[in-house]
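Have a look at the structure below, then the notes.
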Amino acid sequence: MSRIRQHVRGTRRTATAGVALTTATLLAVSLSPAAHADARPTRATAVENAASALLAHAASLGLTAPQDTSVRDVVVDKDGTQHVRYDRTYRQIPVLGGDFVVHLAPDGAYRGADRATRQAISVPSVTPRVSGPRAAGLAVSALRAANPGTTLKQAKAKPVLVVDALHGSPKLAWRTDAAGLDSLGNPVARTVLTDARTGAQIDAWDSIETATGDGKALYSGTVPLETTQSGTSYQLKDPTRGNTYTGDAEGKTDLCIFGICFSRAPATLFTDADNHWGSGTTADRASAAVDAQYGTNETWDYYKNVHGRNGIAGDGKGSYNRVHYGSNYNNAFWDDSCFCMTYGDGDGTTFGPLVALDVAGHEMTHGVTSKTAALTYSGESGGLNEATSDILGTMVEWYANNSSDTGDYLIGEKIVKPGFGKAALRFMDKPSKDGSSADYWSSSVGNLDVHYSSGVANHFAYLLAEGSGAKTVNGVGYDSPTYNGSTVTGIGRDKVGKIWYRALTVYMTSSTNYAGARTATLNAAKDLYGAGSTEYNAVAAAWSAVNVN
C-alpha cells in the first residue's frame, strides 16, 4: 500500500531549556552578564538570567540534587522585567505542583518567585505498587461513574507516573487521562489522580476543553479530535501530537521525477466553525480528513504508548496528511521527502477513499521503517518493508479498539469495493487468498513484487499471534496452514508487536532478508522474554512453519 502495488517514495509544548541540579550541569551553565540596561532582554537572555538565579537561590526554591527543571514559558515586559516559568521533575518523574515562576529585574537581578507548592519535594520510592494498567482501569471506571446513564464507548486511558505535590505531602501517583464517547457519540474525558502505592483516588476532574472536538469519519464512526482554536474557528491540527495536521490536496498531484519534486499538491488546512467535523459521507470533504487525522492520532498513540516512540522519527515532531489527492486515485503513500501521508479518493468501483485506519497505520509505519532499519524496497528486504507496515499497521487497528472498525488480520478491508473482487487487499492468516502473495518462503520469493513477498512475514506474524488452524477471532474466521504440517500456538498480538518493533529498531538493517529476520526476531524475543522462553520458542516455530529455517 505505499502504493497498493506501487513503490514507497523514499521518506504543545513550547521548546524547553533544562537546568539540572547536578555538578556537571552546574559547571556547564553560562553565567553571562545581564542584558545592557538600554536594551530589552531577549527570551534567551531571560533564560540565562533565570538559570543564574536558580543556582544562587536553589535552597529557597526547594531545588535539590534529584530534581531537574525545564523552562515552560518566558515573558519579558516592555520595561525589561523578566518572568521565567519552570516545570520540575523528581528523579525524571514530572512533579504535579512543582512548577514555579522566577521574577527578574530588567538588569537580570533576582526579585523573587511564585511557587505552586512550598513543600519539600521528595518521595521514599519512585517504584509504583499499583501498575499502570490497573491505574488505567480505575480511571475508566471513574469516567463511567462521572457519566451516569450513558453507555461509554471506545474508552481509553493513558496513565503517566507523577509525583503529586498538590494534595498534601508529596506522593507517587498516576495521572491518567481517560476518554471515550457517550451514547450520543460525543466525547467525554476525565483526568484521574491515583495513589501509586495504595490505588486510592486522590482527585479527578473533567478534561474536555474548548479545543477538543469530534468528527464523523467515513470508516471509524464518530471520533474525538484534538484541534487548534484560531480566532473564532478551529483548525484540524493536533497540538498534543507534534502539531500533526490534515489538509486538502484539492484534487491536485505532485510533479516529481526520480525523487525530485518540482511542485507539490497543496495541503490546505481544514478549518471548521463549531469543532464538529465531517458528516460521515463523501459529500462532505472533511469526512475523509477526519479518518486521516484519526488514523494519525491512533498511530502516534500506539507507537508512543506501546513502544515509547515519540512520533514517527522519534523526535516529537508531527507529520501531515493530504486527502483528496488526484482524480479517482487508487492509492495511498508515505513520502519521506515531505514527511507526510497522501490519500486518494479511489475510483468508487474498486476502492473508496483510502483513509481507513489500518491504511494510516501502514503508511506511517513506512516512515518509522525509514528512520530505523531503512529496509531496501526490493527483494526480500522489500517484502519485509511492506510486511512491517502490514504487521504494525494491523497492531494500530487493534490498539484503537474502534467499534466501527474492529481489529482483524485483513489489510484494507474497509476501502475495497465489490469491483475489487476480494474482501481485502491482503490476508495475514493465508496470504495466498489474494491470488498472488506467498504463504511460505522459497528461493524465488524475492523475485515477487514486494506486496506479495510480504506474505511470508505476514503469515509468520499471524501464526505467532494466533496460532495455526481454523478459529474465529473478534468475529472474523481464519484458517492458517503451516508449511511443515506443524501446530503453532500463538503468544498474542501484543507480544508480536513488541518483538517485531524491537527487531526492526535494534537488529534489522537495510539488507535484512528472511533468514536475517528470523535471527532478528529471535534476538528480540530473547531480549524481551529470555532465551528458551515460551515466546522465544514460539518465534522459532512460527518461522519454521513458513519455511524460514
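Could you tell me which residue out of Gly361, Thr376, Val101 lies farthest along the dipole of the chain toward its positive end? Charges go on the beta carbon: Lys and Arg +1, Asp and Glu -1, centred on the Cα centre. Sorting the options by dipole projection puts first Val101. Here the peptides 130-136, 393-399 are ranked by packing, the mean other Cβ count within 10 Å, and the order with the highest first is 393-399, 130-136.
Summing Lys and Arg as +1 and Asp and Glu as -1 over all other residues whose Cβ lies under 9 Å from the Cβ of Ala165 gives a net charge of +1. Applying 1/(1 + (r/R0)^6) with R0 = 45 Å to the Cβ-Cβ distance of Asn484 and Asp203, what FRET efficiency is obtained, to the nearest 0.05? Rounded to the nearest 0.05, the efficiency is 0.20. The distance from the alpha carbon centre of region 339-386 to that of region 415-477 is 16 Å, rounded to a whole number.
Each peptide in 364-375, 48-59, 416-427 was scored by the mean count of other Cβ atoms within 10 Å over its residues; highest first, the order is 364-375, 48-59, 416-427. Values (i) 49; (ii) 46; (iii) 42 are given for comparison; percent of Cα pairs over 33 Å apart, derived from the coordinates here, is the one labelled (i). When peptides 451-457, 288-294 are sorted by average Cβ neighbour count within 10 Å, with the highest value leading, the order is 288-294, 451-457. Close amide H contacts of Val473 (hydrogens built in the peptide plane, cut-off under 5 Å, sequence separation of 5 or more or a different chain): Tyr478. Please report the carbon-and-sulfur percent of the accessible area for region 422-549; probe 1.4 Å, protein heavy atoms only, DNA, RNA and ligands left out. The computed percentage sits at 45. Legend: residue pairs Lys153/Lys216; Lys156/Lys471; Lys216/Lys237; Lys317/Lys498; Lys216/Lys304; Lys471/Lys498, Cα-Cα distance threshold 20 Å; pairs beyond threshold, Lys156/Lys471; Lys317/Lys498; Lys216/Lys304; Lys471/Lys498.
For the chain, what is the charge dipole size about the Cα centre, in debye to the nearest 20, if Lys and Arg each add +1 at the Cβ and Asp and Glu each add -1 at the Cβ? Please list the in-between numbers first.
On the way: 49 positive and 52 negative charges, 214 e Å.
Charge dipole of the chain: 1020 debye, to the nearest 20.
For the chain, what does -39500 (n - 2.57) per DSSP helix run (n ≥ 4), summed and divided by total residues, give at 222 nm, in deg cm²/dmol to the nearest 500?
The helix-only estimate for the chain comes to -8500 deg cm²/dmol at 222 nm.
Within the accessible area of region 106-164, the carbon and sulfur atoms contribute 51%, probe 1.4 Å, all protein chains present.
Rolling a 1.4 Å probe over the protein heavy atoms gives the chain an accessible area of 41 Å² per residue. Only Lys, Arg, Asp and Glu carry charge here, each on its Cβ (+1 for the first two, -1 for the last two); on that basis region 372-464 has a dipole of about 180 debye about its Cα centre. Per-atom-type breakdown for region 39-101 gives carbon and sulfur 54% of the accessible area (1.4 Å probe, protein chains only).
The values are calculated or read from the model by the stated rules, or taken from the named source; none is laboratory data. In this text, all values refer to a predicted model and were calculated from it rather than measured experimentally. Cβ atoms come from the backbone with ideal geometry, glycine included; neighbour counts cover every protein chain shown. SASA here: full protein model, heavy atoms, side chains in, ligands and nucleic acids out. Shrake-Rupley method; radii C 1.70, N 1.55, O 1.52, S 1.80 Å.
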